[in-house]
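What follows is a set of notes on a single structure, which appears directly below.
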Amino acid sequence: MKFTDFAYEVKEGLGISFQAIRANKMRSVLTTLGIVIGIVSVTLMGTAIEGMSRSFNEMISKIGADVLFVQKFSWFSSQEDFFASRNRKNIDLKQFKAVRDQGSTIAAVSPMTGTRVPIKYRSLSSDGIILIGVNEQYIQVGGLNIEMGRFFSQAESNGDRPVAVLGYTIAEKLFPSETPLGKNVKVGAHSFRVVGVVSKQGSFLGMDMDNRVYVPITNFLQKFSNNRRGMDIHVKAANINDLENTKEELRGILRKVRGVKPGVKDDFAINQQEMFIQTFNQIGGVIAAIGLFITALSLFVGAIGIMNIMFVSVTERTKEIGIRKAIGARRSTILLQFLIESAALSLIGGIIGIIISYPLSLLINQILPTSMPISVVAIAILISLVVGVVSGFLPANRASKMDPVEALRHE
Amino acid sequence: MQPVINIKNVKKTYIMGTVEVNALVDVSIRIQKNEYVAIMGPSGSGKSTLMNVIGCLDTPTSGLYEFNGVNVGDMNDNELAKIRNKDIGFVFQTFNLLARSDALHNVELPLIYSGMKKTDRKVRAEEALGHVRLEDRMHHKPNELSGGQRQRVAIARALVTNPSIILADEPTGNLDSKTGVEIMGLFNDLHAQGNTIILVTHEEDIARHAHRIIRVRDGLIEKDFMVEDRVLPGVNV
Ligand SMILES: Nc1ncnc2c1ncn2[C@@H]1O[C@H](COP(=O)(O)OP(=O)(O)OP(=O)(O)O)[C@@H](O)[C@H]1O
Ligand SMILES: [Mg+2]
């Protein structure tokens, strides 16, 4: 068949399809409904999955990929491990210093500990802030940006200076109309001079990251002594591609300073972003697969509806098929005509489905940071086209194989 | 001269469950270019079956059928469709127009299937509708036309591809006698212009428009003769 012939047949097929769809409006609407529902659920599921992974990625990017967290417990440990590791020694400043002094593959390192205290400036106060004790290198390790002023310096950190850097929302709350820089705030019972404000960070795992106040850790330990919990050590690796080496180096240093005997398991954990990603991919993958499977079922039901109505349509139009064959329509012509009709029916359903699910996806957007991705739209259109062609195939094939004389005799 | 149609010992048997129906028992016919043939016979004698075989809508159970010297028995489905499209114009008793399409589109359809360009197609279809004097009804749907007008659309559709033969199975069977005469006038004109025409009819009056009459009975040819007192073409259109 020449291409132009094919083009004419497609055009004729489209014309016939729209005639047929218009002639049976109610029936077409009902048939299409199945596909509409299928496409709405598939696109919304796709949008939600996309939103989930996008919000995860946004969140996870706040933990630098090149940052290692030396902690008492592993992030994702089974309960057994938890009971076995309950009596582990705390991490302390001595261990931090060992890492700082002996580590050769690290770019920055900071101890980190925190507690919940009230903060006050003149008559304004805030109750539930998190006071964080770190050293001057935390600005690199934690990936902080400075909104105004500066982070505290090494000298201030080592010299136990009572200086503080405020999180964004605290600064806004306590200093609605003046600059916080140089002002003295009351943290618990102690006075700290504000030297800087951190840029807005958003939230992580439901924690408000802008509700924090950073002070030198030595100062923190003196005034808000928290020996019971110990601290963490946050380490930024020198080279992200060499993360495993850095991890090994840290293990060596910590085993030595904590006195872990050879052959005995580590009594500490080195956590990293990668662990989040792995766990998410496992859980997220299963959720996505189940969700898509369930929504695909509704699409399958829609496809059966189309197949059913196409069989009806072929039977009803037996005579028309006979006429077309008598004046020269080939089998392929008839096949194409009915495939186009079922594809058009399904495609219309798909497009209506997308039009309906777009505003619904804006609702999802209230919960998850997502908009219906263009890829989901394209996939939905492709799916409805494929569904139409596949479910139209059996009826169309039956039509194409009809005997012209028999078909003409049909009333 | 090579005949347009050469049928030799053609047999057509329908099997209905355990019963065999011999619609055509043993039929041989040769028809030359520009012949005007009427096929007559009682109901159930096999006229329509014969027309369907000639029109390549149906294939004989056995026997030879050559169309323009080519053995139809050797053709595949696509080749048969092509012959039906290009070389045969079929006119039916019940018109068989597409109900949802207007006259023009009905006439254009064979040209669409032959892959003709849209502009050429339109010119040709309008020409054919002009031929049957329906230029003012081109955008009417079949149900907006009278029986005679519908049959004229069907004739225009049969003509539009310039086929080697025009086959008409009781073309006036559903029309009153006055309209029937009009339609026969059209066939007479077409014949006068050099077309080859085969038509099936019950009525002697209609058959006497033709040059030659073939009488069929029980699937056999009973009589095949030339008409002497032929009704002249061009009457009363
Ligand atoms: N598809 C079929 N299946 C079974 N028998 C058939 C079929 N088509 C035709 N016949 C039988 O073949 C015989 C010839 O039928 P055909 O239609 O050719 O007759 P006809 O001469 O055209 O009759 P009429 O003048 O009534 O149209 C009849 O006995 C008919 O019952
Ligand atoms: Mg008949």
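The values are calculated or read from the model by the stated rules, or taken from the named source; none is laboratory data. Only a predicted model underlies this, so the values are computations on that prediction, with no experimental measurement involved. Neighbour counts are summed over all protein chains in view; Cβ atoms, including those assigned to glycine, are modelled from backbone coordinates with ideal geometry. Areas reflect the complete protein model, heavy atoms only, side chains present, ligands, DNA and RNA absent. Shrake-Rupley method; radii C 1.70, N 1.55, O 1.52, S 1.80 Å.
When the residues A:101, B:87 are ordered by accessible surface, computed with a 1.4 Å probe over the protein chains alone, the sequence from largest down reads A:101, B:87.
Which sequence of A:265, B:8 reflects their accessible areas, 1.4 Å probe, from the largest down?
Details: A:265 170, B:8 110 Å².
Most to least solvent-accessible, the answer reads A:265, B:8.
Using C-alpha pairs below 8 Å separated by at least 6 residues, the relative contact order for chain B is 27 percent.
Computed over protein heavy atoms with a 1.4 Å probe, the accessible surface of segment A:306-364 works out to 33 Å² per residue. Surface analysis of segment A:89-267 yields an accessible area of 49 Å² per residue, using protein heavy atoms and a 1.4 Å probe. Among B:2, B:111, B:90, pick out the residue whose Cα is farthest towards the positive end of the charge dipole of chain B, where Lys and Arg carry +1 and Asp and Glu carry -1 on C-beta, about the Cα centre. With unit charges placed on the Cβ atoms, the residue in question is B:111.
When only Cα pairs under 8 Å and 6 or more residues apart are kept, what is the percent relative contact order across chain A? It rounds to 29 percent for chain A. For segment A:89-267, which whole percent of the accessible surface, found with a 1.4 angstrom probe, sits on carbon and sulfur atoms? Exposed carbon and sulfur together represent 48 percent of the surface.
Among beta bridges identified by DSSP and lying wholly in the protein assembly as shown, the antiparallel ones come to about 70 percent.
Segment B:93-133: which residues show an accessible-area loss of 40 Å² or more, assembly versus chain alone, 1.4 Å probe? For segment B:93-133, once contacts with the other chains are taken into account, B:96, B:98, B:100, B:112, B:113, B:115 lose 40 Å² or more. For residue A:221, the accessible area of its heavy atoms, probed at 1.4 Å with every protein chain present, is near 50 square angstrom. Going by accessible surface with a 1.4 Å probe and the largest first, B:196, A:218 read A:218, B:196. For the protein assembly as shown, the Cβ-based charge dipole about the Cα centre amounts to some 2880 debye (Lys, Arg positive; Asp, Glu negative; other atoms uncharged). Computed with a 1.4 Å probe over protein heavy atoms only, the accessible surface of chain B comes to 44 Å² per residue.
Solvent-accessible area lost on pairing B with A (1.4 Å probe, both sides summed) amounts to about 2400 Å². Anything losing 10 Å² or more of accessible area from the isolated chain to the full protein assembly: pick those residues out of segment A:327-348, probe 1.4 Å, ligands and DNA/RNA ignored. For segment A:327-348, once contacts with the other chains are taken into account, A:327, A:328, A:329, A:330, A:331, A:333 lose 10 Å² or more. Each Lys or Arg adds one and each Asp or Glu takes one away; over the other residues whose Cβ falls under 10 Å from the Cβ of residue A:201, this sums to +1.
Residue A:199 contributes about 20 Å² of solvent-accessible surface, heavy atoms of the protein only, 1.4 Å probe.
Summarising the overall dimensions of chain A from its C-alpha atoms, the Rg and Dmax are 33.2, 104 angstrom. Multiplying each eigenvalue of the alpha-carbon gyration tensor of segment A:89-267 by 5 and taking the square root yields semi-axes of 32, 17, 14 Å, largest first, rounded to whole angstroms. For segment A:89-267, DSSP calls about 75 percent of its internal beta bridges antiparallel. Taking 8 Å as the Cα distance limit and 6 or more residues as the minimum spacing, I'd like the relative contact order of segment A:89-267 as a percentage. Across segment A:89-267, relative contact order equals 33 percent.
The count of lysine pairs in segment A:89-267 that are at least 8 places apart or cross chains, and whose C-alpha atoms lie under 18 Å apart, stands at 20. Segment B:4-160 has equivalent-ellipsoid semi-axes of 31, 18, 15 Å, by the square roots of 5 times the alpha carbon gyration tensor eigenvalues, sorted largest first. The angle between the Cα long axis of helix A:25-60 and the longest principal axis of the Cα atoms of chain A comes to about 20 degrees, rounded to the nearest 10.
Taken along the Cα-to-beta-carbon direction at a fixed 7 Å, the label points for residue A:29 and residue A:145 span 5.2 nm. Residues of segment A:390-411 buried by at least 10 Å² of accessible area upon assembly of all protein chains, compared with the chain on its own (1.4 Å probe): A:403, A:404, A:405, A:408, A:409.
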